[in-house]
Each structure stands twice: as structure tokens, then as C-alpha cells.
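Derivation of every value follows stated rules applied to the coordinates shown; laboratory data play no part. Source: prediction; values computed, not measured. Neighbour counts run over all protein chains shown; Cβ positions are idealised from the backbone, glycine included.
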Amino acid sequence: MSVETQKETLGFQTEVKQLLHLMIHSLYSNKEIFLRELISNASDAVDKLRFEALAKPELLEGGADLKIRVSFDKDAKTVTLEDNGIGMNRDDVITHLGTIAKSGTADFMKNLSGDQKKDSHLIGQFGVGFYSAFIVADKVDVYSRRAGTPASEGVHWSSKGEGEFEVATIDKPERGTRIVLHLKAGEDEFADGWRLRNIIKKYSDHIALPIELPKDVAPAEGEEAPAAEWETVNRASALWTRPRTEVKDEEYQEFYKHIAHDFENPLAWSHNKVEGKLEYNSLLYVPGRAPFDLYQREAPRGLKLYVQRVFVMDQAESFLPLYLRFIKGVVDSNDLSLNVSREILQKDPIIDSMKTALTKRVLDMLEKLAKNEPEQYKGFWKNFGQVMKEGPAEDFANKEKIAGLLRFASTHGTDGEQIVGLADYLARAKEGQDKIYYLTGETYAQVKNSPHLEVFRKKGIEVLLLTDRIDEWLMSYLSEFDGKSFVDVARGDLDLGKLDSEEDKKAAEEVAKSKEGLVERLKTALGDSVAEVRVSHRLTDSPAILAIGEQDLGLQMRQILEASGQKVPDSKPIFEFNPSHPLIEKLDGEQSEERFGDLSHILFDQAALAAGESLKDPAAYVTRLNKLLVELSA
Ligand code: ADP
């Protein structure tokens, strides 16, 4: 081994230490994935070199035979992976193999419970990458040199995975990275050609470059075996270029794990070859679950972009809208130039038409999933429903299609689960119902018992119950679905249209007329607190209700705006009372104006409470109520 200089010992970032600890204890049942993770990294490193070499061919240093080699030494109990990819310099090694760059990692780590079964799932979602080497090794040596730097700028990284690592400068004639795993006692089964070959076939067959194993004899450590003694064990062709019919489900699944850094299978995929004006291949996946950083602004998103089989960039964001940021995949274009940049991608009209087509592919894939695998779709909605709800605002052209994919809780006995699609809703609509009714609120418990639903319950009309924070905002972008408009049942003067018979309407008008006096008295009593007072025909059990003006902001939107520090225009509610409720009848007959005032204010405050609002003057409410209680018991 060559001379080591500038040796130093450094500590891992806290998160790495936590990850290492948890990983070793929770991934023990699936140890072999370490090889998949390291091969995945090596393949990425080769992809990067190939791309950089387009502009700087000298990076290839005369060796364009790109590959990954895996070897082993039974006696020394080592497994060695070697790639001739881009390599790392000293700084790269210190940052990449000593820290975790993903934002939100510290928070993520806090959520781990120490429960091994549960955590192994969580860690899988996080993606352990390089550090998985420590599942099977108690010491890992990494020898690397960044392509294009002198042989004397090689670096040796070494660690036992226990809190610190060493780095030293070495001579490394070949560019790229060699990783030597010193297997833990009891893990020497991996120092075996047959075993390694099987693992590679199982997990890494889809890797587009050759993965070689020594043919018969294992070379001694550090000694290169003659080329003739190596053989390629994987298929070594780009999976997305193969015809759909020839790719097995397992291959699609493993490929997904490689590009998505996910341990679990995807929910669905869509593989397409487009020919004609534009030519490209795309392979898009719906993940099985949400990544831990789905809501982090700076979290990576986008597709892996290839141009004529050459990897060009990760996280190409311009191919899909933001609300589909959870989609993973590859797009390989024949039309783009190899030196395309992110800036160009943002402006290129080719990208626009690809984006339109890819967006449609994803929506079609989701439609198919919803139709054919409703149970799976439920899972999808749990994970990504919130993000899909951003769709109608962002993607005007596909509004109707996205609306069809939305799922809501409803009065149709969903128990708060978001499982009702708009098409189901309309299929169940009453005769003559030409509206889609919904109610928004803070929690399911609150909306489910809202007095606003009384008339709907009586008439057996389904109402969608919307309790996600973004729902009211979402609904401001949805005006109709399948030609039927949406109606917020807490808003304006509820008109049930054909659902009310002529007799009902006539009767309601007569009642309203007979209560004109009461309306006036209430207006005087409630004064500034209300915008209007009117007779309600949506109540059966409750005495009164507060309706929101047609143009006013609802409670959710008000809270969102207030939380973001914006000034929200003060809007007054409409006080609607139930003329046949005994309390209202009592109120109507009340002679004392003072008592009439107290009672009206109590009814008003109760209606606000039932709508989930907080009272402006809770103390006054309590005083009035207690006054009445005292009178009652006197
Ligand atoms: P991830 O691959 O998810 O970024 P890893 O922990 O697996 O996370 O790797 C961290 C980083 O280390 C990689 O992003 C890459 O920059 C670098 N790296 C790992 N393996 C290699 C390799 N074989 N050649 C070059 N760089 C590598």
C-alpha cells in the first residue's frame, strides 16, 4: 500500500452516528441490500463521469471502458467494489461520507423510536446509501480519486463506523472509487462468488453498465486480475430502452429502488416510448409511500434526465408540475442537446410539450390505479392526497381530471376517511340534484355534527366534509365537476333548487313573512355583530346558525391568512334562525327587551361555537347564560 500523508481523524455528524447505530440494529434481516446500495452509488458515479467527459474528454484519462467490479477474498474476509467513475477528492469524501446532506434529517431522526421493525421501514424510506456498508462490515476502507486530478491526490477514508473516520492522502493511479468491506464475524458468507452473483442478479440486473465478477479465482487484495478473468454478470442495458413486454415486474421494482433510493416497491409505473415529432422514453413511478421530506421546500424532486442514453442530470424539475413532485422516474430524450442546462430546460418549448404529455401520463396512471386497485389508491391518497390537492390551482388545463382523482370524507358514512370521489358522489346524487354540496371545517367531529347539515340529513342528500387545512383554498379553484357546480352549504342563502318542492318553497315564504317582526327585533338586538338576520330553511334541530356571506372568507382561509401575518378583512356572519324551534318560539313571545337581548346573544354565540369559532367575548356569554340559569332555578 502506498504512503499515507496528511492523515487526520474526524468525527461523523451526529445524524450519521444515529443512522449508523439504528441501521445496524434494524436492517439485520435484509443485510444483502448493502451491495445494491453500493452498486447504485458506483453506477451514479460512472453516469456523472460520462456526462462530465462530454465537455472534458480528458477526464476519461484514456479509459472509457466504464464498469463496476466486485471481488472478494475468502481468507481475508473482504468484499471489494471498484468503479472507474467520477471519484472523490479529499473534501468530497469528508462531506459525502461524513455527513448527511438531506434537509430535515435531524427531525427525521427524532421520529425514530428505537422500535426495530418500525424503524427499519422508516430508514428504508430515508435511504441509507453508502452507510449500509456497515450492516455487514466492521471496517470500511474507501480509496478514491476524482477524475482529472493527479494520481498523488488520491484519498483513503477508513472507519469502523463507530463515531469517527480517518482520511489520508494517498497515491491512486486509477481514477474512481474502490471500497473494501472487512466483513464482520459471521458475515463471511458474502465473500463468495456464487452469493455475490445472486445478489447482483437479484437487485442490480437493471444497472446499465457492466458489473463484473472474477471468473474463477479471486485476485488477492489490491492486485488486479487479468481482464480475461472477469465476466459480466448483469444484463447491462438501460432498462427504459427495452420493450415493455420484455421487462419483468421485479426488474421495474428494483430499478425504482435504485433511482428513488427507496427500499420499498412502487405502487404503479408507466413506461412509454414516444416517437414522432418528439422522441423520448419515459418511465414514471408512483412511490408506495411519502418520503419524509415531501413538504420540505428544498427537498429534491424531479426526474432523472438522460439524453440519448447518457445521464445528464438528477432532479430535472421542469418535466412535471409541483403537485406531482412525488413522482420518480427517468426521461431519456433524443431531441435535447447533451449540454442542456437547468436554465435551458426552464425555457425550452420541447420541455413544455414533454411536460404536458408526462403530466397526462401520470394522471392517467393514477386514474387507472383508482379504477383497478381502489385499495391501493386509498393508500396513495393517504400519502399524497394533500399534495394532489395543490393540483387544481397549479394546473388549470387538467383541473377536471385532477378533480376526478380527489377523495373526500362525506356524510355517506365514511367515518372521516377520505374515500369518496366526485364521480361516486354524483352517481349517488338525488334526482334533480345538480350541485355538489360540501362543508369545510376544522375537524371531522365538528363538521359531522354541524347544524348546516340538518336539512341535508332530512332530505338524504350527501355532503362532502372537508377538514384539511388547504380544503377551502382548494375549493376556491374548483367551480364545477362534470358540469355540476360546487356549493358550500355554510355559505350564502342556501338554495336547494329542484330538491325543494314548490310547496316547500311556498311554505317557506309564508313562514318568512310571518316572522318579519322577529327578524327586525333580532337585528336591533344583535346590532353590529351580524350582517343580516333571516329565517332559515336549512335547520331542523338547531335553533340558529351562522352563514358566511357569498363573497366572504371562510374560517380556514381566515386562519391561514392570519397565521401568515396578513390583515384579514373583518366580515360579519348572517344569523339564520329556525322558526319552528321551541327556543325561537319562546324568544318571539318574550316581552322583556332585556331578556330578549340576552337570549339572542346567547343563540348567536352558540351558533358561533357550533361552527367551530371562538367567541369574541366569552365572558359575556358565560355571564348571560348564568343569569338565565339563576332565573330558571329561582
Ligand atoms: P446518496 O447516494 O443518497 O447521495 P450516499 O450516502 O449513498 O447517499 O452517498 C453519499 C454521496 O457520496 C453520494 O451522493 C456521492 O456524492 C458520494 N459517493 C458515494 N459513493 C460513491 C462512488 N462510488 N463514487 C463517487 N462518489 C460516491
What ratio of Cα Rg to 2.2 N^0.38 Å holds for segment 240-382? 1.01
By average C-beta atoms within 10 angstrom, highest first, the peptides 542-549, 263-270: 542-549, 263-270
Calculate how steeply helix 193-204 sits against the longest principal axis of the alpha-carbon atoms of the chain, using the helix alpha-carbon long axis, and give the answer as 0 to 90 degrees to the nearest 10. 40 degrees
Excluding same-chain residues fewer than 8 positions from K378, which aspartates and glutamates have a Cα within less than 16 Å of its Cα? E367, D415, E417, D424
Net charge near G460, counting Lys/Arg +1 and Asp/Glu -1 over other residues with Cβ under 13 Å of its Cβ? +2
J(HN,Hα) series, segment 398-404, from Karplus relation 6.51 cos²θ - 1.76 cosθ + 1.60, nearest Hz, glycine and proline x: 9, 3, 5, 5, 5, 4, x
Projected onto their principal axes, the Cα atoms of segment 403-499 stretch, largest extent first, over whole-Å spans of 31, 28, 25
Inter-part gap, Cα centre of segment 1-76 to Cα centre of segment 503-539, in whole angstrom, is 75 Å
Distance in Å, no decimals, from the C-alpha centre of segment 594-634 to the one of segment 553-580 is 20 Å
Normalising by the residue count of segment 403-499, find the relative contact order in percent from Cα pairs under 8 Å and 6+ residues apart. 34 percent
Tell me which residues come under 5 Å, amide H to amide H, from L466 once H is placed; ignore anything under 5 positions away on its chain. L439, T440, G441
Amide H contacts of M88 (H built 1.01 Å from N, under 5 Å, at least 5 apart or other chain): R145, R146, G176
Separation between the E394 and D493 pseudo-spin-labels, each 7 Å from Cα along Cα→Cβ, expressed in nm? 4.0 nm
Please give the helix 349-372 orientation as an angle from the longest Cα principal axis of the chain, in degrees from 0 to 90, rounded to the nearest 10. 70 degrees
Compute the relative contact order of segment 275-420 as a whole-number percentage, counting only Cα pairs closer than 8 Å that sit 6 or more residues apart in sequence. 22 percent
Estimated inter-spin distance, A445 and D415, nm [label 7 Å along Cα→Cβ]: 1.7 nm
If one computes the Cα centroid of segment 383-438 and of segment 282-348, what distance in Å separates the two points? 28 Å
Just going by the charge dipole of segment 36-81, with Lys and Arg at +1 and Asp and Glu at -1 on Cβ, which of L59, S43, S71 is farthest out on the positive end? S71
Among 348-358, 279-289, 198-208, how do they line up from the highest to the lowest mean number of other beta-carbon atoms within 10 Å? 279-289, 198-208, 348-358
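With the cut-off at 17 Å, report for segment 479-601 the share of all Cα pairs above it, as a whole percent. Kindly include the intermediate steps, with their values, before the conclusion.
Details: 4839 of 7503 pairs.
Every Cα pair in segment 479-601 considered, those over 17 Å come to 64 percent.
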Contact order normalised by length for segment 5-234, with contacts defined as Cα pairs under 8 Å and 6 or more residues apart; what percent is it? 29 percent
Counted charge near L478, where neighbours are those whose Cβ lies closer than 15 Å (Asp, Glu -1; Lys, Arg +1): -3
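How much length, in nm to one decimal, is gained on full extension between S341 and K215, taken as 0.36 nm per residue of separation minus their Cα-Cα distance?
The S341-K215 span can extend by a further 41.2 nm.
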How big is segment 194-324 by Rg and Dmax over its Cα atoms, in Å? 17.7, 54
Amide H contacts of D335 (H built 1.01 Å from N, under 5 Å, at least 5 apart or other chain): E279
A 22 angstrom limit on the alpha carbon distance is what I want to check against. Which of K401/K458; K586/K627; K389/K435; K74/K184; K399/K448; K430/K505 exceed it? K401/K458; K399/K448
Environment charge of S614, counting only residues whose C-beta is closer than 13 Å and scoring Lys/Arg +1, Asp/Glu -1: -3
If N is the residue count of segment 5-234, its Cα Rg over 2.2 N^0.38 Å rounds to 0.99
I need the phi-derived Karplus couplings for segment 318-331: 6.51 cos²θ - 1.76 cosθ + 1.60, θ = phi - 60°, integer Hz, Gly and Pro marked x. 7, 8, 9, x, 4, 6, 10, 5, 7, 6, 10, x, 10, 10
Does segment 1-46 come out rounded, prolate or oblate, given a ≥ b ≥ c as the square roots of the eigenvalues of its C-alpha gyration tensor, rounded meaning a/c under 1.5 and, failing that, prolate meaning a/b above b/c? oblate
Dipole size in debye (nearest 20) for segment 184-321 around its Cα centre, Lys and Arg Cβ +1, Asp and Glu Cβ -1? 800 debye
Highest average packing first - 175-182, 75-82, 505-512, Cβ atoms within 10 Å: 175-182, 75-82, 505-512
For the chain, the longest principal axis of the Cα atoms and the Cα long axis of helix 33-55 enclose an angle in degrees, to the nearest 10, of 80 degrees
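Rounded, prolate or oblate: pick one for the chain, where a ≥ b ≥ c are the square roots of the eigenvalues of its C-alpha gyration tensor, a/c under 1.5 means rounded, and failing that, prolate if a/b is larger than b/c, else oblate.
Values: a/c = 3.20, a/b = 2.40, b/c = 1.33.
Because a/c hits 1.5 or more and a/b exceeds b/c, the chain counts as prolate.
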